[in-house]
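Laboratory data are not the source of any read-out in this text; all were calculated from the coordinates shown. All values reported here derive from a predicted model rather than from experimental measurement. In this analysis, Cβ positions are derived from the backbone assuming ideal geometry, glycine residues included, and neighbour counts consider all displayed protein chains.
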Amino acid sequence: MRVSRVGLSVLLMACGGAQANTPVEHAAAEPAPRVRAAPAPVTSAPGAEAEATGESRLAVRGIEGSMSGHDVNQTMERRTSELAACQAHAVPALTGAVVYGIKVDGEGQVNEVTLRSSDLGDRSLERCVAEVIERTPFPRPNGGNARFTWTMTLEPASARAVPEAWEREQIEQVIDKNLSELHEECKIESFARHLGATAYVNKRGRVIAASVTGKSGATDEHLDCVVLALRKWRMPKPKLRFAKVSFPLKEGQRAIAQRRGGKKR
């Protein structure tokens, strides 16, 4: 399935189981966007088991109910235009996968959507897609309420938009300079060890998109604050049009000691 208005290539998979408002800086002219969907093997969610007798008959078997992976994929494929709208203003370099946990009732209505994991790097897009899922009616599951996961994988629409891959070490000085202040500003010290950030950098060294994931006690307000703070960081300038980097938000012991020592003084 292809839609000409989408900025990125999207692969959709089903398995068992407040945003930053800073304008995004990127080139206006990009290749025609496209969306493609494909069936994927279904695996079980925690507390569930997967039953398979061939790809088309894979089922998401929950504690109370089950739904076929085919039905999940087909349902989300029908939302292609809405997913495309989420990507309308996204950075063309976006690449990665985001996994959502979904809970539906016996009628197929969505009760809960959670972000399980993501290395995508765009909190605004991740939230927009979650909102699409929330208003999507699924087929009635067999046996009552069901839980499953759904994965969306994105790729740049052109070779020119493929980001340069950075390691944490390449921005170590930037992290050392800014991380303590981020902890203070966003009040994340108690659970930062569970959080990781992904950011995209343009040719001018500016962070143009970012997201934060990880199991923690962080609220949406905490995560929104972190993304806004990351957008203020000044990074090295990449050799390509864009760069992508992921790094943990946990402070080193030395930085913690220095920050706490500064408070005492």
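Observations on the structure shown:
- Taking Cβ atoms as reference points and 10 Å as the exclusive limit, the residues near residue 244 contribute a net charge of -2, counting Lys and Arg as +1 and Asp and Glu as -1.
- Taking all pairs of distinct alpha-carbon atoms in the range 164-264, Kirkwood radius in angstrom: 13.9
- For the range 106-146: relative contact order, % (alpha-carbon pairs under 8 angstrom, 6 or more apart): 71
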